[in-house]
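Please treat every number below as a calculation from the coordinates, not as lab data. Source: prediction; values computed, not measured. FYI the Cβ positions are ideal-geometry reconstructions off the backbone, even for glycines, and counts take in every protein chain you see.
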Amino acid sequence: MIRGPEESVDWREQGSSADRDAASLEIPNPPAQSPAQHLTATAFAQLISGFESDSFALEREPRSSRNTSDRSLSPTEFGTLVHRLCELRESPSQWPTLITRLCSDPQMISEDEIRRITEHTTRGIDALRAIERDLTVEATHDELSVTLRLDSGRVVGDIDHLTVTPNAFYVTDYKTNDLSSQSIEDLADHYWPQLRSYACALYQHDPSREVVLTLVFTAEGEIRQERLDAEEVVALLTQYEKVLQTL
């Protein structure tokens with residue numbers, strides 16, 4: 001059996017008026033808030049260090065050995081290829097093939113540039129092996145994305161190589177800068193805020209471990225290292241919160 005709808009009825013109470021005013025509710029506008037800041041770790045380093053980006057943003061091979069023809073790799077791609085080889089850690093005999101394969105335009109790369117890339121990569125990998133040689137390694141991660149979360153914003157970056165031990169995080173960052181016109185100490189001062197933001201993000205993940213930061217300058221195989229305990233990281237968190245609040 002199919003049952004049809006019942007006859008409609010007037011649901012309004014006796015004495016109600018069809019033209020009664022609708023009830024209204026005023027909702028106050030929320031207080032204006034500044035949008036949360038989102039910075040890359042590189043931009044954050046430039047903000048903290050106070051250096052001009054033109055002086056330090058590009059990582060590049062030494063000028064004295066750079067191919068002066070138009071057919072050469074850009075500084076950025078040179079650094080990217082070194083980073084990729086350090087990450088992949090294939091047999092050195094495979095590096096020339098990998099470089100050509102990973103290059104955006106294989107016709108632009110010369111034998112001399114391939115040689116320089118392999119030299120930078122060798123120094124980077126040798127430095128990493130020296131760092132890990134006497135450690136009790138629980139895990140390693142390459143190109144690990146991390147986020148420092150603050151009330152005023154976020155700082156996002158990628159750790160080139162993270163080594164995890166029972167008591168510490170070891171952050172290794174490869175820098176392919178030209179060292180002919182910039183000192184390692186000046187460059188390190190510029191890059192420390194970038195790595196310290198990684199340290200703060202790792203602390204937020206696990207405050208029980210200290211953090212050891214290492215800059216590897218692959219042009220010469222030089223390293224600079226900094227060790228941070230929990231108290232020092234907490235102080236950095238307070239400082240960085242204040243910095244983002246000023247933006």
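Once the Cβ-Cβ distance of Ser183 and Ala235 is raised to the sixth power relative to R0 = 22 Å, the FRET efficiency obtained is 0.25. Just to confirm my numbers, what's the Cα centroid distance between the stretch 200-244 and the stretch 99-172 in Å? A separation of 16 Å, based on Cα centres.
A simple packing score, the average count of other Cβ atoms within 10 Å per residue, orders the peptides 134-141, 42-49 as 42-49, 134-141, with the highest score first. Mean sequence separation of contacting Cα pairs (under 8 Å, at least six apart), scaled by the length of the stretch 146-247, corresponds to a relative contact order of 29 percent. Our summary gives the stretch 110-160 a relative contact order of 23 percent, counting only alpha carbon pairs under 8 angstrom and 6 or more residues apart. Loop-resident GluC sites (Glu not before Pro) (DSSP state other than H, G, I, E or B) in the stretch 187-247 with no more than 16 further Cβ atoms inside 10 Å of their Cβ: Glu220.
Modelled this way, with points 7 Å down the Cα-to-C-beta line, the labels at His38 and Ala130 are 3.9 nm from one another.
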